[in-house]
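Some notes on the structure that comes next.
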Amino acid sequence: MTYSRGPILMNLSFTRRVFLQAAGLGVATRACPVLAGASNRVPLKGVVPAALTPFDADLQISRPEFRRHIEALVAVRGVTAIMVNGAAGQDAALSRDERRLLVAEAVAAGGSRTPIIAALRETKDFGLEELAHDAEIEGASAVLVMPPPEKGDAEKERAQARLNRVFEATDLPAAIYQTAYSTETLTKLVESQRVFAVKEGSGDPAAFERNMRSIRALGREVAIWSTNSRWLLADLAVGADGVLSGMGSVAADLHVALAEAVWHSDLVTARQVNDRLFPLTQVFYRPGGDPHTRMKHALKQIGRWKTDAVRPPLQPVADGECAAIDRALRESGLART
């Protein structure tokens, strides 16, 4: 199976006004293009929000809220796929049946318009094989293999064996979430024709570029999506094919505007969009606390969600943090002043 970034859909002679509108900074006359999709329906170049999981007062999954969440993300121009069941969705607190339910709900809500990627992370109760099978049955377009649970699983032989278990369980194409693999091991994994993308979360700009260059040297069409949300501008400028981030559940439109500005060499607009993202990254990713819990509070504050509940062991956002998040939402332009 081969993948292609495809042809450019529209002429690239755009004015800055296009990006200013996408960033909420001006008025545009036409939309910016992204590159066409791969044969697996998941575009290799684009923006992929990682969906959060809403819980009701009884800490059960709120299916209506989740469907609305997916529909809202699908409606954002430039969102090219949506990932579910990752850390942003508090996957560690979800049963196998709940993960399968979320894939099914996401596909029902938006899968006919936007591909759904199902993240896979094994537990002591179920393995990658079961999750991969469930994802395919429920209509996911692709799977994403989460980081290995143990340090030894990041070594080349064990990492390949872990990935092979997914390949044996499903025919779906796979993305790899990079946090712990060495550049050599990651590159070896990407040699597989079944791997179409890497969610790059090394947490270091130098490591990001080293991994990206090593993968590109293979000569394969493999997407490199940055999840380094605190310095997306830098990763995109170096050559990232897009963004895959839980923060996209809150600010997908800004991620699209940032990516498209960089891809069209509009540094002025890219900096303006980055200025809007900066206060959000500072409160969401500050040390000591869960960023996705903070994002749930943000969604509630701007009126997109009715609930910001989290399952234990996570705890609701403290009052002091709420004030900081609310201020960042105003500074970013996502909330009214």
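The values are calculated or read from the model by the stated rules, or taken from the named source; none is laboratory data. From a predicted model like this one, the values you see are computed outputs, not experimental measurements. Reconstructed Cβ throughout: ideal geometry from the backbone, glycine too, with neighbour counts over all protein chains shown.
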Of these, ASP125, ASP134, which one is farther than 26 Å from GLY242 by Cα, buried (at least 23 other Cβ atoms within 10 Å of the Cβ) and more than 15 Å from the chain's Cα centre (by Cα)? ASP134
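Looking only at region 33-82, which residues are outside any loop (DSSP other than H, G, I, E, B), among the small types (Gly, Ala, Ser) and modelled with pLDDT of 95 or more?
Of everything in region 33-82, those that are outside any loop (DSSP other than H, G, I, E, B), among the small types (Gly, Ala, Ser) and modelled with pLDDT of 95 or more turn out to be GLY46, ALA50, ALA72.
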When residues of region 224-266 are filtered for being out of contact with any strand residue (DSSP E or B) (no Cβ under 7 Å at 6 or more places or on another chain), in a loop (DSSP other than H, G, I, E, B) and within 27 Å of GLY303 (Cβ to Cβ), how many remain? 1
Considering region 105-122 alone, what residues qualify as being among the hydrophobic types (A, V, I, L, M, F, W, C), assigned to a helix (DSSP H, G or I) and buried (at least 20 other Cβ atoms within 10 Å of the Cβ)? ALA106, VAL107, ALA109
Criterion first (without any contact (Cβ under 8 Å) to a residue 60 or more places away in the chain and closer than 16 Å to VAL47 by Cβ) does ALA240 satisfy it? yes
As an exercise: evaluate VAL250 against (1) of a type in the set (A, V, I, L, M, F, W, C); (2) surrounded by 15 or more Cβ atoms within 10 Å (Cβ to Cβ); (3) over 19 Å from ALA51 (Cβ atoms) and give the number of the one condition it does not meet. (3)
Residue check: is GLU331 more than 24 Å from GLY78 (Cα to Cα), surrounded by 14 or more Cβ atoms within 10 Å (Cβ to Cβ) and touching a residue at least 24 places away in the same chain (Cβ under 8 Å)? no
Just one listed residue, out of ASP153, ASP134, ASP171, is acidic (Asp, Glu), in a loop (DSSP other than H, G, I, E, B) and out of contact with any His (no Cβ under 6 Å at 6 or more places or on another chain), and it is ASP171
Residue, farthest from ALA109 (Cα to Cα), within region 140-152, restricted to residues that are buried (at least 16 other Cβ atoms within 10 Å of the Cβ) and not hydroxyl-bearing (Ser, Thr, Tyr): PRO148
